[in-house]
Amino acid sequence: MTSSPSLPPSAGDDASAALDNSTDRPDPDQGDAVGSTNDSVGPTSGAVRPTSGAAAPAVGRVLASADSAPRPAGPWRLWVFTGAVLVAAIVTVVIGGLTAVEPSGFEGISAEARFAIVALLLGAAQLARLRLRIGAGTVSFTWGEAALIVGLHLIPAGWLPAAAAIGVGIAWTLLSIFSDRRTVAEVARVTGSLTVAVAVASVVTSTVADPYGQRITPVVAVAAIGGALAYLLLTAALATVALTLRHERPFGATLVHALRTKLLMFVGNVLVGLVAVAMIGADPRWLLLLPPALWLLQQTYGQRLRAQDEQRAWQEFAEVTRALNKLDEYAVAQAAVNGGLTLFGAERVEVDVQRVDGRRWRYVGDATGAWHHAEIAEAVEPTPEPGPTAAVTDDDSGYDQILVRPLSVESAEVGQLRVHLPAAVVPGRRDRDALAAFGETLAVALHDAATHRELRRLTAWTAHQSMHDPVTKLLNRPALLAKGDTALHQLGHDHPVALLMLDIKRFNEVNDTLGTAAGDELLQSAADRLTAGLRPGELLGRLGNDEFALLLTSLTASDGEPDTRLSPTGTAMRRAGEIADTLAEPTEVAGVRMSVEGAVGVVVAGAGTADMNELLRRATIAMNQAKEIGGSVAGYDSAKDAASTDQLALLAELRTALDVDDQLELALQPAVDLTTGAPTGVEALIRWRHPRRGRLTPIDFVRAVESSDLLGPFTRYVVDRALSAAAEWAEHGIEVPISVNVSARSLLDPQLPAEIGELLRQHAVPAHRLVLEITETVVMSELEVIDEVLARLREMGVQLAVDDFGTGFSSLAFLTRVTVDELKVDRSFVVRMADSPRDAAIVRHTVYLGREMGLRVVAEGVETAEQRATLAALGCAAAQGYHFFKPMPADKIIAVLRSLLDSAQAQIYPLRADGAS
């Protein structure tokens, strides 16, 4: 034969059976040019630190980090592995050279020329390659099997290791100089690995049959295929070991992934090698037909690899972004760090979080599994905007390449993401696009987590404020009643308890003489003294104004032991005397030294015989008795409690009033939109024109009704009258909802939804135009019947509003349990918000909470134009009160509503924001 085949090195993008066992760079066609002269940042030009304060470009910036010393090319185990591979390669070259003998068989071409051709083929097979990125490393697929089979035909098997060492060494040196810029150690490791693989493949082939100078026969083909398979397995194993040692990749999974990806190429390469040998044996001129076929195979290989890599990248991106779907900042940041390490094959990922309170937290993780987070004092120095290309440093400098992505949602800064890539990896366009998409998702996740954290903080703050008196920090009245009832339910039915009610005498005189600030100081002083003397089993709270209450669930002596010499009443009376003595000790208020006295009312009862409201009522009677006799302590005397008999008479009279038409009447008060002045609703209030007692308000008789069997008929009566009024103004073209207060005890009646549904049908009023106002005490009940009744009402379309929102002990807990449409801010907060920052904060946060939850907020008790302006400035949508209208008879409401509608600048807003659930 006078000529030898030559596999064209330009057969496409790349391809082969040789797997590169070192970190590789992505293909240049995957992104923009990098490392341009105008934009590069090297160790001599000063390191540039990224900052989240810089404006965010369309994609992430690539910067050089100089905050760490240059690192060695790999861990010591990789160096040991490299040395072992080099020693093995040298041994195989020497042994092969000493044992190989050049027989005759090729005419017209010398053995040296054939050796040079094989070395050229093995080198060219490395230059034409396809690469697959696995984590932070890259595996290269080349035409090694084809070159191996042709080499086994052209030269003795013993010469192949030397030819591989020369050809592969020159090829990877050229790649390092012009493309990859690898270290000498990396080039040596690749060359040694492929040399050892060629040597093993030559031994396997020769064991079956020696293909040197032989035509293709079945036995020679089987020998060549066996050698190619040994070459594939060994190169794959050596490459996987290198990846495992350098990037801590799992050996088994990485090896299987590489072999599965290479299988189709392996088959093609073996066929190409066998066909080339057959062409050489028949007529070398047939080799001129190989280049087009090789180019087509190269394109097919490349397309398949890119498709697999793209699919893998999308799957990883979907999993990583799905992991960000959390509501806790720590969990989101941890998922972001882990996701960045996986998605970009990074060595280190940093996430800086800018919190709404101005503090910054940094979360850091690396490929070794190390993880830490800490608050940082301030942001890093601002970074100049990069040019049109990414700024990188030379790999030899040892600096990491850093992808930087500022995180923001609209105009709100959230933080910054920094991805440290291995020194040998230059990010391509896909990396930047992935960083942009990942950064946007992370920014939204962190923003949602921050919103959730702020809502939790607001929830905790509001819950605390709603349970405690702002002046004394003691439990307020609703919280004391709730906690007291809970404590009573945990005791036996006949277990003796006592409630002490304390009133500070001459408190109003202190207020009038020294001012309200001095009055608050006196209350704080009294609260401090009472708190300091608390004993186990005692619950203290402020009821309002100058009144305190103390629940004793364990009637013991001062040393904590039961006093067998005294009855429970005697023990409670002695404890009341101690409290009165403590309060009477001299104190200084507003610079004036004074001694104040208190009147203490005491009631003792079995824990299961009365609730907190009843105990409080009795203790109030006892306290008033103490004031009347001029003493400091008085016990409850049932003989002096006229309320019980009077209540029975009142209920009998109410039963009569429900059967006639001229005693119970509606008083209607509109609520108006603070922007347009249009009516947003009407609240129905009940008044009793008593023939003997005169005009009574609900406070005079509703409590008696709620504790009697008249509650059901009374509720139906009020709803019936309210719907009648709503139907009447609907006939005049006025479609305004009407609100009715419903007792929490009414919700225990499972027939309530059906009864209300029947009334709605009778009056032909749509369900959504009826609003039932419920109080926050509903949440105190654990009965399922209440939840069922509320759910059925909502299914009917009836809307729910929370009356006196903010005064309950667990306002936000209420909203998590009951779905409502409207919040009504209690008038006490509205009246005091101009002078009390605490009350103003409660109103502001209630408005914010309503807006965030899609609820309409209505302020009650607005009496002045200043209050109206303040509410409008806070964003409150609607209000009602004497500033707008006093409660009026039903026969006047239609004219008022018509006047409001005619003068309004916009249509009525619905009770619930559009789109709210």
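The values are calculated or read from the model by the stated rules, or taken from the named source; none is laboratory data. This one's a predicted model, so the numbers in the text were calculated from it and none came from an experiment. Every residue, glycine among them, receives a Cβ derived from its backbone with ideal geometry; neighbour counts consider all protein chains shown. Surface accessibility is based on the protein's heavy atoms, side chains included, excluding ligands, DNA and RNA. Shrake-Rupley method; radii C 1.70, N 1.55, O 1.52, S 1.80 Å.
Say the dipole of the range 715-763 comes from +1 at the beta carbon of Lys and Arg and -1 at that of Asp and Glu; which of Asn741, Leu759, Ala730 then lies farthest toward its positive end? Of the listed residues, the answer is Asn741. Exposure check, 1.4 Å probe, all protein chains in place: Thr582 carries approximately 50 Å² of accessible surface.
Only lysines eight or more places from Lys892 in sequence, or on another chain, were considered; those with a Cα closer than 28 Å are Lys824.
Among the protein heavy atoms, those of Met853 account for about 80 Å² of accessible surface (1.4 Å probe, every chain in place).
Provide the gained length on full extension for the span Glu319 to Ser899, in nm with one decimal, where the gain is 0.36 nm per separating residue minus the Cα-Cα distance.
Working: separation 580, 0.36 × 580 = 208.80 nm, distance 5.97 nm.
Once the chain is fully extended between Glu319 and Ser899, it gains 202.8 nm.
Take the Cα of Trp295, step 7 Å toward its Cβ, do the same at Ala278, and the gap between the two points is 2.3 nm. Report the accessible area of Tyr636, computed with a 1.4 Å probe over the heavy atoms of all protein chains in place, in Å² rounded to the nearest 10. For Tyr636, the solvent-accessible surface is approximately 60 Å². Ordering Leu499, Ala412, Leu488 by Cα displacement along the dipole of the range 396-547 toward the positive end leaves Ala412 in first place; charges were set at the Cβ atoms of Lys, Arg (+1) and Asp, Glu (-1). Only lysines eight or more places from Lys262 in sequence, or on another chain, were considered; none has a Cα closer than 22 Å. Between the alpha-carbon centers of the range 734-775 and the range 502-551, tell me the distance in whole angstrom. Comparing the Cα centres of the range 734-775 and the range 502-551, I get a distance of 42 Å. Taking the three principal axes of the alpha carbon atoms in the range 490-594, the coordinate ranges are 46, 24, 18 Å, sorted in descending order. Accessible surface ranking for Trp361, Trp461, Trp729, Trp79, 1.4 angstrom probe, highest first: Trp79, Trp461, Trp361, Trp729. Here each label is just a point 7 Å from Cα along the line to Cβ, and for Ala872 and Asp528 those points are 4.4 nm apart.
Can you tell me which lysines have their Cα less than 23 Å from the Cα of Lys483? Leave out same-chain residues fewer than eight positions away. Within the straight-line limit of under 23 Å, Lys483 reaches these lysines: Lys473. Label-to-label distance, His732 versus Ser836, with points set 7 angstrom from Cα along the beta-carbon direction: 3.8 nm. Full extension of the chain segment joining Tyr717 with His464 gains 87.3 nm, where the gain is 0.36 nm per residue of separation less the Cα-Cα distance. By its C-alpha gyration tensor, with a ≥ b ≥ c as the square roots of the eigenvalues, how is the range 703-747 shaped: rounded for a/c under 1.5, else prolate for a/b larger than b/c, else oblate? Prolate is the answer for the range 703-747, as a/c is 1.5 or above and a/b outweighs b/c.
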